[in-house]
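The values are calculated or read from the model by the stated rules, or taken from the named source; none is laboratory data. Remember, it's a predicted structure, so these values are computed and weren't measured experimentally. Cβ coordinates were reconstructed from backbone atoms using ideal geometry, including for glycine residues, and neighbour counts include every protein chain displayed.
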């Protein structure tokens, strides 16, 4: 059983479209991170959110942490082929030990 | 380059065999995490070490074991291998155990059990 569920699992869109990926849990997290993974490589950190309701922007990517710190979303504006990859959310409790990863969203942006 | 080195990159072995995967964390990082990634299960947390001591255990099978050495490199030992153990195995490191600091991942070891 995954502690963090992501939706959708797969997403294929045209270049220029907008999209939102969701990361949901019944557990409260002290921090939540988003990673992107490309084939043959390890995940790379995109952002960390720690405060309920926090919104962070990274160019065309907008990340939001839910008020109750149980869920998060990633919104991409005007997707580009370079955004293609596997997006993973990861939550951590304040024990600083186990890092729980979500089920992943595989995004393909078609030129 | 994350600074985390994993060897070997690829490993092909037969059922019943034993293999050792190696991880060198980023310079100065004390915490090492091991994850298993297969197509249908995402990233599954296996085990975490901090400065040589086991800190947390996830879904790690009894056939698997790990350790972190005084020089902070870590090894994951997989024994009595089964076909279902075929997966990507990732190591990640971070400076300590303070939450909200990022994990830095290696590029993984792809294990194929035939």
- Message: On the basis of being farther than 14 Å from residue A:99 by Cα, surrounded by 14 or more Cβ atoms within 10 Å (Cβ to Cβ) and either at pLDDT 95 or above or touching a strand residue (DSSP E or B) at 6+ places or on another chain (Cβ under 9 Å) (or both), does residue B:18 make the cut?
- Response: no
- Is it true that some residue in region A:99-111 is in contact with a helix residue (DSSP H, G or I) (Cβ under 8 Å, 6 or more places away or on another chain), surrounded by fewer than 17 Cβ atoms within 10 Å (Cβ to Cβ) and assigned to a loop (DSSP other than H, G, I, E, B)? yes
- Query: Residues of region A:51-70 being at pLDDT below 95 and surrounded by 21 or more Cβ atoms within 10 Å (Cβ to Cβ), which ones?
  - Reply: A:69
- Query: Is it true that some residue in region B:45-60 is in contact (Cβ under 8 Å) with a residue 60 or more places away in the chain, crowded, with 20+ Cβ neighbours inside 10 Å and closer than 21 Å to residue A:31 by Cα?
  - Reply: no
- Of B:84, B:108, B:42, which residue is more than 12 Å from the chain's Cα centre (by Cα) and at positive phi? B:42
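Against the condition modelled with pLDDT of 95 or more and either at negative phi or crowded, with 21+ Cβ neighbours inside 10 Å (or both), how does residue B:79 come out, does it pass?
Yes.
A quick yes/no check of all residues on (1) at the interface with chain A (Cβ under 9 Å from one of its Cβ atoms); (2) not in a loop (DSSP other than H, G, I, E, B):
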site	(1), (2)
B:16	no, no
B:21	no, yes
B:35	yes, yes
B:61	no, no
B:112	no, yes
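For region A:1-71, please list each of the strands (runs of 3 or more DSSP E) lying entirely inside it that holds at least 3 residues being within 24 Å of residue B:106 (Cβ to Cβ). Working first, answer last.
Values: elements: A:5-7, A:10-14, A:19-24, A:31-37, A:44-49, A:55-58, A:61-65.
In region A:1-71, A:31-37, A:44-49 are the strands (runs of 3 or more DSSP E) which contain 3 or more residues that are within 24 Å of residue B:106 (Cβ to Cβ).
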- Message: Here's a check for you: in region B:24-33, which residue that is assigned to a strand (DSSP E or B) and more than 11 Å from every other protein chain (Cβ to nearest Cβ) is surrounded by the most Cβ atoms within 10 Å (Cβ to Cβ)?
- Response: B:32
- Task: Determine which single condition residue A:32 fails, assuming it passes every other condition in (1) surrounded by 13 or more Cβ atoms within 10 Å (Cβ to Cβ); (2) away from chain B (no Cβ under 11 Å).
- Result: (2)
